[in-house]
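*Asks:* Handing you a structure now.
The values are calculated or read from the model by the stated rules, or taken from the named source; none is laboratory data. All figures in this text were calculated on a predicted structure; none of them were measured in a lab. All Cβ positions, glycine included, derive from the backbone under ideal geometry; neighbour counts span all protein chains shown. Heavy atoms of the whole protein, side chains included, go into the accessibility calculation; ligands, DNA and RNA do not. Shrake-Rupley method; radii C 1.70, N 1.55, O 1.52, S 1.80 Å.
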Amino acid sequence: MASVSPAGRRASDGFGIVAIILAAFILLPALMIFLIGLAPGMNAIWWLGVVLLPIMGFLGLVALVVGIVGIVLRVRQQRNPVLSIIGTALGAVLVLPVVWVFFGSAV
């Protein structure tokens, strides 16, 4: 019987997949709350954004770190780190509103 050589198998980007799943886990509810809050009669939904903001920052930071680890490992293996880059970008998108709230100027 012929066996599959390890060089012929395509390695998946596990860290990138995990980073994307973590980011999507909180990004989809945050987008849903934002879109529902834009409706004229649903202004009371914005308090969920206040509850969701710390969770969004924490999971965004975790996705950012996991994505960076995935990029480093994939580059060291001389492979393409596309999924890790996408996970890192999504993690940064989730962390940016928290940074904006903390460091933005209150008028």
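*Asks:* Grab the DSSP H runs of the chain that are 4 residues or longer, score each as -39,500 (n - 2.57), total them, divide by all residues and round the 222 nm result to the nearest 500 deg cm²/dmol.
*Replies:* -25000 deg cm²/dmol
*Asks:* Could you check the simple spin-label distance between Leu73 and Ile36, using points 7 Å along Cα→Cβ, in nm with one decimal?
*Replies:* Roughly 3.6 nm, to one decimal.
*Asks:* Assign one of three labels to the chain, namely rounded, prolate or oblate, based on the Cα gyration tensor with a ≥ b ≥ c the square roots of its eigenvalues; rounded applies when a/c is under 1.5, prolate when it is not and a/b is larger than b/c, and oblate otherwise.
*Replies:* Prolate is the answer for the chain, as a/c is 1.5 or above and a/b outweighs b/c.
*Asks:* Keeping all protein chains in place, calculate the accessible area per residue for the range 49-107 (probe 1.4 angstrom), answer in Å².
*Replies:* It amounts to 66 Å² per residue over the range 49-107.
*Asks:* Please report the carbon-and-sulfur percent of the accessible area for the chain; probe 1.4 Å, protein heavy atoms only, DNA, RNA and ligands left out.
*Replies:* Carbon and sulfur together cover 77 percent of it.
*Asks:* Give the calculated FRET efficiency between Ile45 and Phe25 to the nearest 0.05, with a Förster radius of 25 Å applied to their Cβ-Cβ distance.
*Replies:* FRET efficiency, Ile45 to Phe25: 0.80.
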